[in-house]
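No lab work stands behind these numbers, since they all come straight from the coordinates. This one's a predicted model, so the numbers in the text were calculated from it and none came from an experiment. Counting neighbours? That spans all protein chains shown, and the Cβs are built from the backbone with ideal geometry, glycine included.
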Amino acid sequence: MTYTEIEYEVQDRVATVTLNRPDRMNAYTFTMRNEMLDVFDRIDADDEVRAVVVTGAGRAFCAGADLEGGGDTFNKDKRQDMFGGDDLLEDGTPRDGGGTVALRIARCLKPVIAAFNGAAVGVGVTMTLPMDVRLASDKAGFGFVFARRGIVSEAASSWFLPRLVGISQAMEWAATGRVFDAREALAGRLVSRVYAPDELLPAAYELAREIADNTSGVSVAAIRRLMWSGLSSSTPWDAHVADSRLMAALGAAPDAAEGVTSFLEKRPAVFPMRVSTDLPAEVPDWPLR
C-alpha cells in the first residue's frame, strides 16, 4: 500500500509511524484508518522491527476525527467512511473505525510508544490507549471530547482507559469532555513522562532502542500479550497458568539459552529466534476482529 496520510520508516530496528495531515492537524479519516491497519500488519511481519514510535507531523499529534462533513460526520447512514466501511458486527452494525485501529494496535507483537508532540483529542488519544508507553511534549493537550459532540467514547476506550488511569479519572475526563494539558495527563497517569518539545522524540527513540538492543523479540512479544491479556484475567491463578506455560515453552528455546550464556560470558546477546516464525503457540491470542 502507498501511504498518503501517514509516513512510515524503519531505522536501527525502530519503526516510526507519523500521522501526516499537518494542514488538518492530522485529523483522522477513513484513509488514515486503512493505512494504520496496513502499517501494523507490516510491522508485525518485519523481524527487523523491534519497537514502534508513533507521532504526528507538524504542531499536532491528531486533532480527532475530521469534522469536515459537518453535522453528518458520525451519521452511519450518510458517512460509512467514518466507520469501518463494509466491516460490520454480527448484527450488521458498522464497526467503529477508531476501534478497528485500536484493536489492531492491541494485537501488535512489538512494543508501541506514543510520542505526543501536540494536541491529541478524540480518536487522536483513544487510539493510543493500547500503546504500551505514552510520552508527551509539554506543549501537548488532550481531550476525551465525545460528550461535547453528542457521541460516546470509542476505540474500545471504555475498556482501556479505566484500566490505565482508574474509573474515577476516566469518568472525569470523559464526562466533562474538557481539554487538559500534559501536566494533568501526567498526574492522571495517561502519560509516563513529559519533555520539552525538542527532547520528546530523542527520548522516545532512546527507549525504543533500549528495547531493540537488549531484549529477545519473542520474549517481548510474549510479555506484551501476557500483560494485556492479564488485565482481564479473573484471578492471579489464571495469570499463573499462562506464565507457567510460556516459561516451560521459552525456557527450553534458543533465546533462553543465548540470554543466559551471554550473561555468563559478559557479552551482548544475539538472540536467534524470530517473532514471525518462532512465537510459541502458548502465547495468548486476541481475536482477529
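Computed values, structure above
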quantity	calculated
Acute angle (nearest 10 degrees) that the helix 30-45 long axis makes with the longest principal axis of the chain, alpha-carbon atoms	0 degrees
Helical mean residue ellipticity (222 nm; -39500 (n - 2.57) per DSSP H run of 4+; nearest 500) of the chain	-12500 deg cm²/dmol
Calculated from backbone phi, Karplus (6.51, -1.76, 1.60) coupling profile of segment 268-280 in Hz, x at Gly/Pro	x, 6, 10, 6, x, 6, 10, 4, 5, 10, 10, 5, x
Size of segment 215-278 as Cα extents on the principal axes (Å, biggest first)	41, 24, 16
In order through segment 14-19: 3J(HN,Hα) via Karplus (6.51 cos²θ - 1.76 cosθ + 1.60), integer Hz, x for Gly, Pro	10, 8, 10, 10, 10, 5
Net dipole in debye of the chain [+1 Lys, Arg Cβ; -1 Asp, Glu Cβ; about Cα centre; nearest 20]	680 debye
Dipole of segment 215-278 [Lys/Arg +1, Asp/Glu -1 at C-beta], most positive-end residue of Val260, Ser216, Ala239	Ser216
With 10 Å bins from 0: P(r) over the chain, alpha-carbon pairs, percent	6, 27, 35, 23, 8, 1, 0
Rounded to 5, percent antiparallel among DSSP beta bridges of the chain	35 percent
Span from the segment 95-167 Cα centroid across to the segment 7-47 one, whole angstrom	15 Å
Pair Glu210, Ser168: separation of 7 Å Cα→Cβ label points (nm)	3.0 nm
Fewest-first sequence of Ser219, Ser276, Ser234, Ser137 by Cβ atoms within 10 Å of each Cβ	Ser234, Ser276, Ser219, Ser137
